[in-house]
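Encoded as structure tokens, the structure appears first; notes follow it.
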Amino acid sequence: MKCSYCDNAVVYSRKYAGENLCSNCFSKSIIRKTAKTISKYKMIQSGDVVGVAVSGGKDSLSLLYVLKQISLNHNFTLQAITIDEGIPGYRDEALELVRTFCSKIGIKHNVYSYKKLFGTTLEQSLELRQGEKISSCSICGILRRRAIDFGAKELGVDTVATGHNLDDFIQTFIINLLSGDTNKIGWMDPEPTDRKARRIKPFCEIYENEIVFYAFTNEIPFQSEECPHMNEGIRTEIRNFLNLLEKNHIGIKNNMYKSILKVSSKTRDESGKKWRTCSSCGSECTGNRCAVCNTLLNLGLG
Ligand SMILES: [Zn+2]
Ligand SMILES: [Zn+2]
């Protein structure tokens, strides 16, 4: 079978669009879609230094590669940021992968370790927990956020880009819905607010399976092994449920994405949101002390 746009052989069928694509046209379409998302939500401004948070998984490495190609025709530069949590084995493999890939495509790779920033690795900080009130993923997420902010500041980064895709976006919405966190739903809009540290998700309109195929067809080597601490619980169930729905009702994820944007903008409640400055670190937050500093303090690291 021939590609819908050229004479090459088909390697990917984009069912929701009725397109059959060769490898070249597929890859070009991912770059085009990402560029469209970036411009639609004003994610990157002219002259920006974009820090890409690269874990070594398929999403972040593909994002780095796609942004690299977009940057060739646009006025922004890239820095790759990897956070070393100090998870033995798991992180070492990813670090090597990212290092090699960055040097191959000519992007500077910057590593920030928990050990250096907090004086503790993730493993050690997990032992500081009192009881099991806070999950390892929550601690790790909070430490990672702080580490990325630190790196972004040091590197003069204007915008931090993460590899979250459309599936992640929908899953997060459902998790917020199921946990009753309607406040978070109001803040799901992909357009960055004018807060100090801009965060963007340029893949938020691309299906996860298309990212997997993009990495595969562009021979991007990625770490497929999952973090040994991963206990995503309900997210995995929602992921499977959404994939089943999509299989039986092609395009349903795209519909849901559009609905979430509308629900999010209608749910947003800015009345109670007063940005203040964290008394410990000076970052923006809504209380006296930010969530990151609170957690670090509770762990005895603040
Ligand atoms: Zn083609
Ligand atoms: Zn703080």
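Values quoted throughout were computed directly from the atomic coordinates according to the rules given, and no laboratory measurement underlies them. Note that the structure is a prediction, hence the values are computed from the model and not measured. Every residue, glycine among them, receives a Cβ derived from its backbone with ideal geometry; neighbour counts consider all protein chains shown.
Details
- Pairwise alpha-carbon distances in the stretch 161-228 exceed 13 Å for 72% of all pairs.
- Remark on Asp84: its backbone amide H falls under 5 Å from those of Tyr112, Ser113, Tyr114, a criterion applied only to residues 5 or more positions apart or on other chains, H modelled at 1.01 Å from N.
- Shape parameters for the chain, alpha-carbon atoms, Rg then Dmax in Å: 19.7, 63
- Our analysis of the stretch 14-146 gives Rg over Rh at 1.06, with the two radii drawn from alpha carbon positions and Rh computed by the Kirkwood formula.
- 3J(HN,Hα) along the stretch 284-290, derived from phi through the Karplus expression 6.51 cos²θ - 1.76 cosθ + 1.60 where θ = phi - 60°, amounts to 6, 7, 9, x, 7, 10, 6 Hz, with x in place of Gly and Pro.
- Footprinting exposure proxy for Ile234, Ile107 (fewest neighbouring C-beta atoms within 10 Å first): Ile234, Ile107
- Rounded tilt (10° steps) of 58-71 against the dominant C-alpha axis of the chain: 70 degrees
- Here the calculated FRET efficiency for Asn75 and Glu284, from their Cβ-Cβ distance with R0 = 35 Å, stands at 0.85, rounded to the nearest 0.05.
- Rounded to the nearest 10 degrees, the inclination of helix 208-217 to the longest alpha-carbon principal axis of the chain is 70 degrees.
- Cβ-derived FRET efficiency at R0 35 Å, Arg276 paired with Ser224, nearest 0.05: 0.25
- Stokes-Einstein D (µm²/s) once Rh is taken as the Kirkwood radius of the stretch 145-267 over alpha-carbon pairs, at 10 °C in 1.306 mPa s: 97 µm²/s
- Members of Lys2/Lys58; Lys36/Lys201; Lys153/Lys274; Lys201/Lys258; Lys40/Lys258; Lys15/Lys247 lying beyond 19 Å, as alpha-carbon distances in this model show: Lys2/Lys58; Lys153/Lys274
- For the stretch 34-269: relative contact order, % (alpha-carbon pairs under 8 angstrom, 6 or more apart): 27 percent
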